[in-house]
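The values are calculated or read from the model by the stated rules, or taken from the named source; none is laboratory data. For clarity, every value in this text was computed on a predicted model and none was experimentally measured. Here the Cβ positions follow ideal geometry from the backbone for every residue, glycine too, while neighbour counts run over all protein chains shown. These area figures cover heavy atoms from the full protein model, side chains too; ligands, DNA and RNA do not enter into them. Shrake-Rupley method; radii C 1.70, N 1.55, O 1.52, S 1.80 Å.
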Amino acid sequence: MDDQAAASQDDAPVTSREQDAVRILLLIDGASDAPTGADLADPGLKDAVGVVRTQVRLQKLDFWLRNPDYLADELLTDYESSREPGLLRWAGRILDSEEPEVRRYPMLRHHFGAYEPLDDALAVLRSAGLVVRRRRGTVNRVRQHDYYLLSAGRRVVQDVVSAAPEFTYYVDRVALVIALADGLGGSDLKARQYLQREYAETARGTRIGSVSTQARQRLGRLRAEAGMNSVGAGES
């Protein structure tokens with residue numbers, strides 16, 4: 001890595017443990033499926049109200065939540081396929097603002113794609129009785145991690161959003177992320193994110209760079225094709 005790249009890595013914004021805990025709680029709440037009867041048969045999960053299955057899925061959803069530029073670019077990809085105007089409007093809301101700069105928290109590129117340790121954030125949620133993690137597999141080989149939202153966790157989500165309306169941003173973006181994921185599992189999400197050249201070509205152990213410039217250029221091109229301009233284009 002050259003000096004300029006190293007400097008950009010050092011300057012990358014980071015989140016606090018508390019910020020991560022709130023964001024992950026809102027993500028688990030918005031992304032969770034209903035627990036099954038088998039889940040609820042576990043004495044420690046009788047109070048579970050939702051579950052996100054696999055760490056891979058949680059990490060990949062969190063990548064789009066932490067990187068609005070990539071989220072907007074993927075919305076444009078879906079727009080090119082469907083020509084659904086709402087996708088173009090949502091991408092415009094993100095890219096016409098400073099959101100890709102002020103809300104972006106880069107993630108490291110590891111062997112299996114974007115990854116940031118969640119242990120500290122999850123420790124906060126677990127110690128407060130909001131989330132339970134279950135490891136699936138054998139003693140010698142953990143097959144997957146599942147993340148269960150407890151009823152207390154859902155109440156905290158409601159209280160947090162009510163007391164601090166600024167967190168509505170994450171609620172709205174989680175909804176966009178889940179709509180974009182559209183039932184895809186962790187491996188499918190990983191495969192989709194690897195289709196992004198900048199993501200795939202990032203060296204392992206370094207932070208995945210921004211695509212805001214390319215995404216804004218793409219937005220401008222698609223708006224021109226649609227006969228739109230940026231004035232009012234972000235309105236619903």
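Can we say GLY92 is more than 16 Å from the chain's Cα centre (by Cα), open to solvent by less than 40 Å² (accessible area, probe 1.4 Å) and closer than 25 Å to GLN19 by Cβ?
no
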Seminar exercise, completed: Only one of (1) closer than 30 Å to GLU80 by Cβ; (2) assigned to a strand (DSSP E or B); (3) among the polar types (S, T, N, Q) does not apply to THR168, and that is (2)
Seminar exercise, completed: Scanning the stretch 45-66 residue by residue, the ones that are in contact with a strand residue (DSSP E or B) (Cβ under 6 Å, 6 or more places away or on another chain) and open to solvent by 30 Å² or more (accessible area, probe 1.4 Å) total 5
Problem set entry | Matching residues in the stretch 184-214 - criterion: being without any contact (Cβ under 8 Å) to a residue 40 or more places away in the chain, within 15 Å of HIS110 (Cβ to Cβ) and open to solvent by 50 Å² or more (accessible area, probe 1.4 Å) | GLU201
Exercise. If you go through the stretch 72-89 one residue at a time, how many are surrounded by fewer than 21 Cβ atoms within 10 Å (Cβ to Cβ) and more than 12 Å from VAL211 (Cβ to Cβ)?
Worked result: 9
Exercise. On the given criteria, is VAL132 surrounded by 14 or more Cβ atoms within 10 Å (Cβ to Cβ) and either hydrophobic (A, V, I, L, M, F, W, C) or in contact with a Leu (Cβ under 8 Å, 6 or more places away or on another chain) (or both)?
Worked result: yes
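Anything in the stretch 125-157 that is free of Cβ contacts under 8 Å to residues at least 40 places away in the same chain and out of contact with any strand residue (DSSP E or B) (no Cβ under 6 Å at 6 or more places or on another chain)? List them, or say none. Step through it out loud before you land on a result.
Residues of the stretch 125-157 that are free of Cβ contacts under 8 Å to residues at least 40 places away in the same chain, as a first pass: 126-129, 133, 135-143, 155.
Once the filter is applied, which keeps residues that are free of Cβ contacts under 8 Å to residues at least 40 places away in the same chain and out of contact with any strand residue (DSSP E or B) (no Cβ under 6 Å at 6 or more places or on another chain), the stretch 125-157 yields ARG126, SER127, ALA128, GLY129, THR138, VAL139, ASN140, ARG141, ARG155.
If I go through the stretch 175-207 residue by residue, how many of them are in contact with an Asp or Glu (Cβ under 8 Å, 6 or more places away or on another chain) and under 18 Å from LEU95 (Cα atoms)? Lay out the reasoning, then the answer.
Initially, the stretch 175-207 is screened for residues in contact with an Asp or Glu (Cβ under 8 Å, 6 or more places away or on another chain), giving 180, 192, 196.
Then drop every residue that is not under 18 Å from LEU95 (Cα atoms), which leaves 180, 196.
Going through the stretch 175-207 one residue at a time, the tally reaches 2.
Quick grid of which residues meet (1) farther than 14 Å from ARG57 by Cα; (2) open to solvent by 80 Å² or more (accessible area, probe 1.4 Å):
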position: MET107; (1), (2): yes, no
position: LEU122; (1), (2): yes, no
position: ASP146; (1), (2): no, no
position: GLU166; (1), (2): yes, yes
Exercise. SER162: among the hydroxyl-bearing types (Ser, Thr, Tyr), closer than 23 Å to GLY129 by Cβ and open to solvent by less than 50 Å² (accessible area, probe 1.4 Å), yes or no?
Worked result: no
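GLY153: at pLDDT 95 or above and either in a loop (DSSP other than H, G, I, E, B) or at positive phi (or both), yes or no?
Here the answer is no, as GLY153 does not meet what is asked.
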Problem set entry | Yes/no for VAL177 being open to solvent by less than 40 Å² (accessible area, probe 1.4 Å), within 17 Å of ARG53 (Cβ to Cβ) and part of a helix (DSSP H, G or I) | yes
